[in-house]
1. List the pairs from B:Lys46/B:Lys183; B:Lys3/B:Lys270; B:Lys3/B:Lys72; B:Lys10/B:Lys94; B:Lys270/B:Lys311; B:Lys3/B:Lys94 whose alpha-carbon separation is above 23 Å, in the order I gave them.
2. Where the eigenvalues come from the Cα gyration tensor of the protein assembly as shown, what are the semi-axes √(5λ) of the equivalent ellipsoid, largest first, in whole Å?
3. Extending each Cα 7 Å along its Cβ direction at A:Asp47 and A:Arg102, get the distance between those two points in nm, one decimal.
4. With angles folded into 0 to 90 degrees, how steeply does helix B:236-246 sit against the dominant principal axis of chain B? Use alpha carbons for both and round to 10.
5. Before anything else, pin down the relative contact order of chain B: Cα pairs under 8 Å, at least 6 apart, normalised by residue count, whole percent.
6. Once Lys and Arg get +1 and Asp and Glu get -1 on their Cβ, which of B:His30, B:Val282, B:Gly407 lies farthest toward the positive end of the dipole of chain B?
7. Nearest 10 degrees, 0 to 90: what angle lies between the long axis of helix B:309-321 and the longest principal axis of chain B (Cα atoms)?
8. Would you list, by chain and number, the lysines whose Cα falls below 22 Å from the Cα of A:Lys45, excluding same-chain residues fewer than 8 positions away?
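Readers should treat all values here as calculations from the given coordinates under stated rules, not as data from a laboratory. Here the structure is a predicted model, which means the values were calculated and not measured. Virtual Cβ from ideal backbone geometry, glycine too; neighbours counted across all protein chains shown.
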Amino acid sequence: MSRGTLEFNVFSGGFVRFDLDVCTRCGSKACVTACNAPNLACVLKLDNDVPGLRMTPAEAARGGCIECLACELACDTDGIGGITFALPMPELDSYLHDMEARGETPGFKRT
Amino acid sequence: MAKLLEFQAKRLLRSSGISIPKGRTASSPHAAAEVAGELGGAVALKAQIAAGKRGKAGAILFAATPQDAADKAGQLLGRNVLGHTVEDILVEEKLDILQEHYLAVMSNPETQTPTVIFALQGGIDVEEHAASGGVGIATFNVDLTDGFRTYHALELLGRAGVTGRALPALAQMAVRLFEVYRKYDCMLAEINPVALTARGPVAADARINLDDDALFRHPELGVEEAGEVGERSRTPLETIAAGIDAHDHRGSAHFVQIDPDGSLAASEGKISIGFDGVGTGVSLTTLDELVPRGFLPRNFCDTSGNPTASKLYRITRVILAQPEIEGYVFVSCLSSQQLDNTARGIVKAFKEIYPGGQPNIPCVFCFRGAWDETALEMFEQHGISKSPLVRLLGRDATERDVAVAFGELHSGWRASRMEAAQ
């Protein structure tokens, strides 16, 4: 049976999504460990062997989650890729699109 | 400061009972001719840009007929004037001016009061006239508990040397200008020139700068944030960066493009680079080391005050979007800022925009302060420091070390590019 997702918005705009079916298979739960480092926010806890929230999603979105990105980066190195930490920048995307349409190259794409 | 355009400023003046010339804006030659036809007679066509000295820059033209107005509008629209592209022009009746004065209310940092300034001689070069100790200039520092009343205005104008029939009308204009200044939380409300005409004093030109911190109190003005940096309009990237801070109060990401199009670097024979510093002091001392070595930052950025990692992620993407930069330098002061968060934001940005997180340009990262070792470890854990174009420096490094390391990386990078090109 699918475990579904854990998802909450973040204060600056964007969201964090945990694919709990992937997280179930993860042996390290590195995201929870990273979030519970002494100097970080501790919004995550283990909940039936998958990441869960210590607070309501609304509280996390009001700034309970400090957007340190530790969960996502820990998942990259020690997990199996169950996390999406989306921080959209539609104005920048649109700017880059227009820039490339003009034949200009953003600095990070120079060859 | 948020600067209103002339037509916006005049709208506020008119709503407070100050006389302004008849007219309206046009964004095409056809529309300009239409307005000129409605007004009848000669008209002035004024480029609507957030810059002073438009007359001297040829951004104010006069036309005798609607066809002439269309022709002159065609000359102005789309033109670059003082770094601004002209998108709108204000078409107004041409005034028959008997005399020109200067009137302003400004927030005076020296007296910490609003100061009303009146000068008998208005128009262009009023600043030079004032600086040369010109006669006929008077000021009045306003006690906000008293306000600025008609008798204050009469006293001010009398000291400036105004006499005769114009005196009461000018006093009324000064009191109304002060009302505008107060009502809209201005830093500056200026009429220059105050045109004395047969129908009384008219605000021939107007400039209003608003206090950024009070913009939220004036949603009716539709100004969400300051639209300019110094004397020029914000660049698109500056607008995007300002949005990052506007939506998140945690820490700062102040981003300004020093050399938006790279022309300064080109003219100085310098190499354009992206830059981010934690603290403005360390940024300046680092730039003191970078600039003599031939590097010029395309941008200045200060990410201090303990910003979130997400803020660093976003601003790093903005910095690295700048075209033609040949490097990126990040340096922190010995800060109490949680540098591991700072590093996570940069690491996420690098991993997303560069394949494998490996940059295409030389990059130096200097982390000094709270959790600096954790910050440096991030770059190793995520493979970014494996790149030959990346150099990590820690708390023992000086600003000179940063510049020297960057110079070495850049020399190697440039040499390998030249080799590849041959």
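1. Where the Cα-Cα span goes over 23 Å, the pairs concerned are B:Lys46/B:Lys183; B:Lys3/B:Lys270; B:Lys3/B:Lys72; B:Lys270/B:Lys311; B:Lys3/B:Lys94.
2. For the protein assembly as shown, the semi-axes come out at 53, 27, 23 Å.
3. So the two model labels end up 4.7 nm from each other.
4. The two axes meet at around 80 degrees.
5. Value for chain B: 12 percent.
6. About the Cα centre, the residue reaching furthest to the positive side is B:His30.
7. Between helix and principal axis, roughly 80 degrees.
8. Result set, ordered by chain and number: A:Lys29.
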